[in-house]
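The values are calculated or read from the model by the stated rules, or taken from the named source; none is laboratory data. What you see is a predicted model; the values in this text were computed from it and never measured. Quick reminder, even Gly has a Cβ in these numbers, built from the backbone with ideal geometry, and neighbours come from all protein chains shown. SASA here: full protein model, heavy atoms, side chains in, ligands and nucleic acids out. Shrake-Rupley method; radii C 1.70, N 1.55, O 1.52, S 1.80 Å.
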Amino acid sequence: MSSSNLYPHTISQTPKTQPLPSPATKNPGAVKFSFPPSSDSDPITIPTTPLVTFLERVQETALQTFGKSNFDPKLYVDLSLKTDLKAAEAGLNRVVETGSGLREYIEEYFEGAGEDLVYCEAEDYVAEPEGFLAKVKNEEVRKWALEIHSLWGNLSRKVSGEVWRRPERHTLLPLPELVMVPGSRFREVYYWDSYWVIRGLLASKMYETAKAIVNNLIFLIEEHGYVLNGARAYYTNRSQPPLLSAMVCEIYKKTKDLELAQKSLPSLIKEYKFWNSGIHGVRIQVDETCDQTLSRYYAMWSKPRPESSTIDRENALMISNPYAKQQFYCEVASAAESGWDFSTRWMRDHTDFTTLATTSILPVDLNAFILGMELNIAFLAKVTGDDCISEQFTKASLMRKKAMEIVFWNDEMGQWFDYWLNKNSSHSHEDQEAQTWNVENQNQKIFASNFIPLWIESFHSDDFLVEKVMKSLQSSGLLCSCGIATSLIDSGEQWDFPNGWAPIQHMIIEGLAKSRSKEARLMAENIAMRWIRTNYLCYKKTKTMHEKYNVEICGDFGGGGEYDPQTGFGWSNGVVLALLEEFGWPEDLSIDCC
């Protein structure tokens, strides 16, 4: 396939000869934002399947029957049919008419949630891989790390043959290769979780399993045009933070697998176009001759999320205007697309969940991920011999870096801040006027996402910048005794204080560690050890790994949000193994909490 066919036309629209001005010389008033035209002022909605719609009825009936105590709405949309849909609908109608027999009905008409994925041992798993975590000298830590390594066996699955034979009976989507699920209620593949699962698998020397995960995500791109939030029919309305290119690059660095790199490129470029056009793209005009696209989260959905339909409907009860309710549902799903579901980061009023305005925000971390995507595609194109693609994406990365410096960077604070678009921009309009950059639109509240750009080479290779950001992180209030807090606001939402999440720890730690600063690496190692210690103690207390942790109390798992704390847990396992691979653990250093 020629490079001209691989490369999306959106990049060629960006002038190559006129660089964006540096932050020191720019005139902020000249920076304008514009939005893609739309022939319809209503939120875009991707159609769902008849089965998903029906299972939402089952979910609502179950809530009315069993009550809120220990109720998990996702359980019901993960059920698969034993019979055809028409018979199941008739059965539910009888239950509703009589007001009894729901439990028996579910047993008669449905297989259990998660039973359409079957356990499958990875062929490249061995109990103790050769060269495993060579820097870990402490026997107690090594023993624990091997226990975490063994957890891959608990999380590895393959899609059952029934899903392929009768897809209309399942919300689970078919995938061709072995999968790794996060754990507990998350019974399917998730997009951005997979990056840290892969980092752990690479530390475990499970290279073929890592490649299988990437192949599954590529399969989703070819089927749907983008990687879905997760491999369920009810997740087709949104994606998640785009880290597939980073997965491919990490595998390539370990394996030098050129075939994987070549196979991935067309799909990565297709995904790149998805994130930089349509409702996700916001055009930034610096002057009359130069513009650039930045991206935002924007789910293609304006209804309650099927997996949380009963929760979303309850949250929307106080919204009387039908259009406002549709927009609220879109904002909720868009926050889920961000992976940060939910956080005060997306709210205009942190005390009012209905003020979610995710689509009105240009998120700094999303644009850092896409900058990383541009660099990764340039790298993969280079190693596979396509210099034209490599050069085009390298130029695109330079343009995005400059745009990020203009829009997000705050030199006084030493952080990158999300940028609030004006209220009328939450939706695409044909006649919408361009908006002018205003420093007051930077969201200057402190979130861990403000430091995520440091993970990207374009920024951690700048020694002066690293020192400035490091000092800002030290004084931010986010650094706690057991890791980095997600925010400073204790809202009860799970992506807020005092929770710490494995991906956030890893990205900031790795960004600091990859810089040339010895002080930054020492800081990275210190945070890593705090995080490893709290994971270790919590594991010893509970006999499991957790989705999130309380960074104020060593050995305490996190809470909050719309579901109970989950265990397993894919990305937590992966991050601990990746950090131990990078930093090791000295023989004479205790792993107990200090």
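Measuring nothing but protein heavy atoms, the accessible surface of the chain at 1.4 Å probe radius is 50 percent carbon and sulfur.
Between residue 82 and residue 168, the modelled label-to-label distance comes to 2.0 nm, taking each label 7 Å out from Cα in the direction of the beta carbon.
Accessible surface for region 119-454, divided over its residues, is 34 Å² per residue with a 1.4 Å probe.
Over region 50-112, Cα pairs under 8 Å with separation of 6+ residues give a relative contact order of 37 percent.
What FRET efficiency, computed as 1/(1 + (r/R0)^6) with R0 = 51 Å and r the Cβ-Cβ distance, is obtained for residue 388 and residue 98, rounded to the nearest 0.05?
Details: r = 67 Å, r/R0 = 1.32.
E(calc), rounded to 0.05, equals 0.15.
Using 7 Å Cα-to-Cβ label points, what is the residue 564/residue 321 separation (nm, one decimal)? My value for the distance between the label points is 4.0 nm. Panel note: the C-alpha atoms of region 50-112, placed on their principal axes, show extents of 31, 25, 19 Å (largest first). In the chain, the DSSP-assigned H stretches of four residues or longer account for a calculated mean residue ellipticity at 222 nm of -14000 deg cm²/dmol, using -39500 (n - 2.57) per stretch and the full residue count as denominator. For region 492-544 versus region 331-392, the inter-centroid distance based on Cα atoms is 21 Å. Gain on full extension, evaluated as 0.36 nm per residue between residue 46 and residue 135 minus their Cα-Cα distance, stands at 27.2 nm.
Please report the relative contact order for the chain, taking Cα pairs under 8 Å with a sequence separation of at least 6, and give it as a percent rounded to a whole number. Present the calculation step by step, with values, prior to reporting the outcome.
Details: 1104 pairs, mean separation 109.2, N = 594.
Result for the chain is 18 percent.
Extension gain, residue 118-residue 207: 0.36 nm per intervening residue step, less the Cα-Cα distance, totals 29.9 nm. Using a Cα-Cα cut-off of under 18 Å, which lysines could be cross-linked to residue 471, ignoring same-chain neighbours fewer than 8 residues away? In chain and number order, the partners are 445, 514, 518.
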